[in-house]
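Throughout, read-outs are computed from the coordinates displayed, never taken from laboratory work. In this text the structure is predicted, and so the values were computed from the model without any measurement. Every residue, glycine as well, gets a Cβ built from its backbone with ideal geometry; the counts of neighbours run over all protein chains shown.
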Amino acid sequence: MEQYLESSKYIDWTTPAVKALALKLSRNLENEQDIAYKCYEWVRDEIKHSSDYKLNPVTCKASDVLAHGTGYCYAKSHLLAALLRANGIPSGLCYQRLSVYENGAPYCLHGLNAIYLNNTGWYRVDARGNKKGVNAQFTPPKEALAFPITEANEADFKEIWHSPLPVIIETLEKYTSYIDVQENLPDIEILK
C-alpha cells in the first residue's frame, strides 16, 4: 500500500501548494470517505478539462494542474491522487480504452482514479469533469464513472497503477497545446 501513498514527479503531493490545498479540503473532516469525496468533488468541479474548455498549457504534474487550473483527464487524476495521498488516503491511477467519437476507431485511453477506503476497499472514481452526457459521481461502493464500455474494442482496465503509464507522460510532455494532445490522444492495443 506504501506505493499508493508516495509523492513522485507527477503525483507531487509534497509541493507546498498541493499540500496546502489538501489540508484545506480536509479541514474539520475526520472521516476518510468525507475527505476523499471533498478532494474528488474539488478536482472534478474546479479544474477545467483542457479539451472541454480549449485551455492551455498542457499539464501533467499535479502541481502544474493546480497552478494552471486545467488538465486532461490524465492530469486531473494525477492531482486527485496527490490530494488524497497528502491526506494519507491511498490512491492509484486507472485507465479505460474508449472510442474517441463513440463509433469505432480511433481509440484512446481515459484516465481515472482508484481510492482505497477502509469500509469499501478499492473504489474507482472519475474526476474528468461533468458535462452534457457525462455524470460521474462519488457514491461508494457503487461506481458512477463518466463513460461506459459499449463496444468490443473498448476496455475497462481493472489494474491500479501507482504511477502514470509511460504513454500518458510521453503525450502530455511532448505536446504544448490542448489541440495537439486532442489530435494525438494516447492509446494502447488490446491483446486478444
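For segment 103-192, applying the loop criterion from DSSP together with a ceiling of 16 other beta carbons within 10 Å to the GluC sites (Glu not before Pro) yields E151, E159, E183, E189. How tilted is helix 16-26 with respect to the longest principal axis of the chain? Cα atoms for both, answer in degrees (0 to 90, nearest 10). Taking the Cα atoms of the chain, the angle to 16-26 is about 70 degrees. For the chain, the longest principal axis of the Cα atoms and the long axis of helix 73-86 meet at an angle of about 20 degrees. If I model the chain as equal point scatterers sitting on the Cα atoms and use the Debye formula, what is log10 I(q)/I(0) at q = 0.09, 0.12, 0.19 Å⁻¹? Values, matching the q order: -0.29, -0.52, -1.37. By other beta-carbon atoms within 10 Å, ranking C60, C108, C39 with the fewest at the front produces C108, C60, C39.
The local environment of G111, defined by Cβ-Cβ distances under 9 Å, has a net charge of +1 under the rule Lys, Arg +1 and Asp, Glu -1. Cβ-to-Cβ counts within 10 Å put W42, W13 in ascending order as W42, W13, the fewest first. Estimated at 0.36 nm per residue, the fully extended path between N31 and A17 surpasses their Cα-Cα distance by 2.8 nm. Arranged from fewest to most other beta-carbon atoms within 10 Å of their beta carbon, T139, T171, T120 become T139, T120, T171.
Applied to segment 159-172, the Karplus parametrisation 6.51 cos²θ - 1.76 cosθ + 1.60 on θ = phi - 60° returns per-residue 3J(HN,Hα) values of 5, 10, 8, 8, 10, x, 5, x, 5, 5, 4, 4, 5, 5 Hz, with x for Gly and Pro. For segment 10-42, the residues whose backbone nitrogen is under 19 Å from a point 7 Å from the Cα of Q137, taken along Cα to Cβ, are 33-42.
Near T120, within a Cβ-to-Cβ distance under 14 Å, what is the net charge of the other residues, with Lys and Arg +1 and Asp and Glu -1?
My count for the surroundings of T120 gives -1.
Positive contributions from Lys and Arg (+1) and negative ones from Asp and Glu (-1), summed over other residues with Cβ under 13 Å from the Cβ of D45, come out at +2.
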